[in-house]
Amino acid sequence: MATRNLLLLGGSGNLGREVVRAFAKRWRVASVDVRANNEAAKSITLSTSRPVSEQANEIRNQLTSFSPRFDAVISVAGGFTMENIKDQSLFANYERMSQVNVVSSLLAAHLASELLVSNGLLVLTGAAGVFKEGHPAMIAYSLAKASVHTLARTLAKSSELPSGTSVVTILPEVMDTPENRAAMPNEDFNKWVKTDKVAALLRPVSYTHLRAHETPEHLVCRLLLEKKKLTL
């Protein structure tokens, strides 16, 4: 089987590092993040002080010598905060959640429109907990992830992505990360999903693309960790 190429946004985060490990044996992975990931075949480090349009150009330039096309573009970049409508941190949190969740997804989709092969795969990261409705104790996060879900639905109808592109949005439950443990110290961490389990589920999706064709609009927003099917 020919080696496939993956462009991964958020490749140095908790989930991103596990995705690199899950794919690295059979794929050439180009990681994009604010920190380097030396486990990837190519690691692109961005400065958040630069406009996103400049970051996109930097990614294009650095990928020129790596690969002109990618079989999959996956964005696992993101972040999480908790606050209610009264909190003074609300506005700062909203700006940050928009940047790390929404803008990163937009960047991934924009690059996918240029770099994906025909019949390629675009994966965004939503959130199961706020998929149907927001949460009053995590307003900024709810708004940001709702935007990601809307973006995915919009992209599924778009004719601007390469022919046959599958758009998939993963909807993980609470993942076991140091940041989530710090934000919710009284929760039972044993009930949370491990990041390596999420990464392990992404690789078979990348091969089949089947989940992207289960609805008339060729989009599925699915909780890949569905309890009735999987025990993690």
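The values are calculated or read from the model by the stated rules, or taken from the named source; none is laboratory data. As the structure is a prediction and not an experimental result, all values here were calculated from the model. Here the Cβ is made from the backbone with ideal geometry for all residues, glycine too, and neighbour counts use every protein chain on show. Note: accessible area is taken over every heavy atom of the protein model, side chains too, but ligands, DNA and RNA are not part of it. Shrake-Rupley method; radii C 1.70, N 1.55, O 1.52, S 1.80 Å.
Taking the range 143-168, which residues are in contact with a Leu (Cβ under 8 Å, 6 or more places away or on another chain), of a type outside the set (G, A, S) and crowded, with 18+ Cβ neighbours inside 10 Å?
Once the filter is applied, which keeps residues that are in contact with a Leu (Cβ under 8 Å, 6 or more places away or on another chain), of a type outside the set (G, A, S) and crowded, with 18+ Cβ neighbours inside 10 Å, the range 143-168 yields V148, L151, L155, L161, T165, V167, V168.
Can you go through N119, N38, N14, N84 and tell me which one is under 29 Å from D176 (Cβ atoms), touching a Pro at 6+ places or on another chain (Cβ under 9 Å) and open to solvent by 60 Å² or more (accessible area, probe 1.4 Å)? Spell out how you get there, then give the answer.
Values: N119 fails: under 29 Å from D176 (Cβ atoms); N38 fails: touching a Pro at 6+ places or on another chain (Cβ under 9 Å); N14 fails: open to solvent by 60 Å² or more (accessible area, probe 1.4 Å).
Only one candidate qualifies: N84.
Of all residues in the range 98-155 being within 26 Å of L6 (Cα to Cα) and part of a loop (DSSP other than H, G, I, E, B), which is farthest from the chain's Cα centre (by Cα)?
We begin by selecting, within the range 98-155, every residue within 26 Å of L6 (Cα to Cα); these are 98-128, 144-155.
From the residues that got through so far, the ones that are part of a loop (DSSP other than H, G, I, E, B) too are 126-127.
Values: G126: 7, A127: 10 Å.
If we take residues in the range 98-155 being within 26 Å of L6 (Cα to Cα) and part of a loop (DSSP other than H, G, I, E, B), then A127 is farthest from the chain's Cα centre (by Cα).
When you look at H213, is it open to solvent by 20 Å² or more (accessible area, probe 1.4 Å), modelled with pLDDT under 80, on the phi > 0 side of the Ramachandran plot and out of contact with any Asp or Glu (no Cβ under 9 Å at 6 or more places or on another chain), yes or no?
No, not satisfied.
Applying the selection to the range 42-55, what residues are open to solvent by 30 Å² or more (accessible area, probe 1.4 Å), in contact with a Leu (Cβ under 9 Å, 6 or more places away or on another chain) and under 22 Å from D71 (Cβ atoms)?
K42
What is the one condition in (1) within 18 Å of L161 (Cβ to Cβ); (2) among the hydroxyl-bearing types (S, T, Y); (3) without any contact (Cβ under 8 Å) to a residue 40 or more places away in the chain that S118 does not satisfy?
Answer for S118: the failing condition is (3).
So, of the residues in the range 156-183 that are among the hydroxyl-bearing types (S, T, Y) and either touching a residue at least 60 places away in the same chain (Cβ under 8 Å) or not in a strand (DSSP E or B) (or both), which turns out to be farthest from V73 (Cα to Cα)?
Across the range 156-183, the extreme among qualifying residues is T177.
Looking at the range 39-83 only, could you name the residues that are of a type outside the set (G, A, S), in a strand (DSSP E or B) and closer than 24 Å to Y141 by Cβ? Steps first, answer last, please.
The first filter runs over the range 39-83 and keeps only residues of a type outside the set (G, A, S), leaving 39, 42, 44-46, 48, 50-52, 54-55, 57-64, 66, 68-71, 73-74, 76, 80-83.
Those still in the list that are in a strand (DSSP E or B) too: 42, 44-45, 70-71, 73-74, 83.
Those that are of a type outside the set (G, A, S), in a strand (DSSP E or B) and closer than 24 Å to Y141 by Cβ: V73, I74, E83.
Can you find even one residue in the range 24-33 that is modelled with pLDDT of 95 or more, open to solvent by 10 Å² or more (accessible area, probe 1.4 Å) and closer than 26 Å to E173 by Cα?
As a first pass, look at the range 24-33 and keep what is modelled with pLDDT of 95 or more: 28-33.
Next cut, open to solvent by 10 Å² or more (accessible area, probe 1.4 Å) only: 28, 33.
Next, from what is left, pick out any that are closer than 26 Å to E173 by Cα: 33.
There is at least one residue in the range 24-33 that is modelled with pLDDT of 95 or more, open to solvent by 10 Å² or more (accessible area, probe 1.4 Å) and closer than 26 Å to E173 by Cα.
Of I74, I44, I59, which residue is touching a residue at least 40 places away in the same chain (Cβ under 8 Å) and more than 30 Å from P185 (Cα to Cα)?
Values: I74 fails: more than 30 Å from P185 (Cα to Cα); I44 fails: touching a residue at least 40 places away in the same chain (Cβ under 8 Å).
Result: I59 is the single residue among I74, I44, I59 that is touching a residue at least 40 places away in the same chain (Cβ under 8 Å) and more than 30 Å from P185 (Cα to Cα).
Just need a number here: residues in the range 87-110 that are farther than 23 Å from E18 by Cβ, of a type in the set (S, T, N, Q) and open to solvent by less than 80 Å² (accessible area, probe 1.4 Å).
3
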